[in-house]
Amino acid sequence: MDNSGAMVEEDLELLITAVVAADDEQQARAACAGLLSQVGGRVVRAFDCSDEEPGCWSVTISLVSGERATQNVAGALARAVRTFVRRLGDEFPTPRVACEPPTAWTVLEDPALLDGLVPGAERLLVEAWAGGDPGHQGPEHHDPKHNDPEQRRPERGGPEQDEREGQDGLDQPDESEPEQAADAEPEPGTRLSLRVDVATDRTAGAEWQARAVASRVARSGKITRVAPHGHLLSVHIDLGANVNSPTVALHDAVASLGRSGWSAVEWSGGSASIRWSATPVPPAGIAALELTATPASAFVWTVPD
């Protein structure tokens, strides 16, 4: 077997995103200087997220992990996250790590503890990616909307959207899209959507975990809303068009997710749905998934809440 290209796929990339209280980009970068000096790597993204969290900036650092992906990719990803957190200092407890290959992640949300590492930090997201973060290519950029031609739009949503777009291609919908769709010819094929139920009380944490799942089915998608679902948060994602029939599109998506225990396909109003649930429901992390395939000609856009 030729393994000449295997080394690239085995590399695990770490993405460390700090959400920090700052007045401008220079101040945000300065707050992360100590962390950057301690762990190495380089800043790949920096942008204002004050629309969602007043007075906040998000700074993302990329570096290569010492861990390498083996046959047990999930184990290597989780180790990469835990090993990085241990490097931050003995005062940081071993974190609970969520894993959905090709990524694993944890969120550190103790401002008092983080302040000694990144002054003014609200939280720290630590992600490990097998083969690299699929949403990041090329040198550092400050505004993802100007660097990804497939995602350029004249008007954009809030900064959490830009954070998602910079990390994995997920993009908030432009509210002009429903009118565009109404004037267009009926689309052939199927429109796929995904609902990810996450056990967490943080919207950002739910979105990060849903993003990791969605990236296994589609390279780009649109988060349409995040809503409470009992004690869970449900993240709704439009995965875009698919050329196959609803049944085939669902089975292909399930194969990409690689889980067992899915329900039988159910039909309602011309749409097909299939579900997966964790048993027992975890105290934190992904609790359930629902994929829905609707004939593109019958798809109705849902404006995000």
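Where a number appears in this text, it was derived from the coordinates with a stated rule and is not lab data. As the structure is a computational prediction, the values presented were derived from the model and not from experiment. So basically every Cβ, Gly included, is an ideal-geometry build from the backbone, and we count neighbours across all protein chains shown.
A viscosity of 1.002 mPa s and a temperature of 20 °C, combined with the Kirkwood radius over Cα pairs in Stokes-Einstein, give a translational diffusion coefficient for the range 177-298 of 144 µm²/s. Between residue 86 and residue 284, the modelled labels are 1.9 nm apart [label points 7 Å from Cα along Cα→Cβ]. Footprinting exposure proxy ranking of 236, 229, fewest other C-beta atoms within 10 angstrom first, gives 229, 236. In this label model, residue 42 and residue 263 are separated by 4.8 nm, measuring between points 7 Å along each Cα→Cβ vector. Size descriptors for the range 11-113: radius of gyration and Dmax over Cα atoms are 14.4, 45 Å.
In a reduced charge model with +1 at each Lys and Arg Cβ and -1 at each Asp and Glu Cβ, the range 42-96 shows a dipole moment near 500 debye about its Cα centre. The ranking of 68, 191, 275 by Cβ neighbour count inside 10 Å, starting from the fewest, reads 68, 275, 191.
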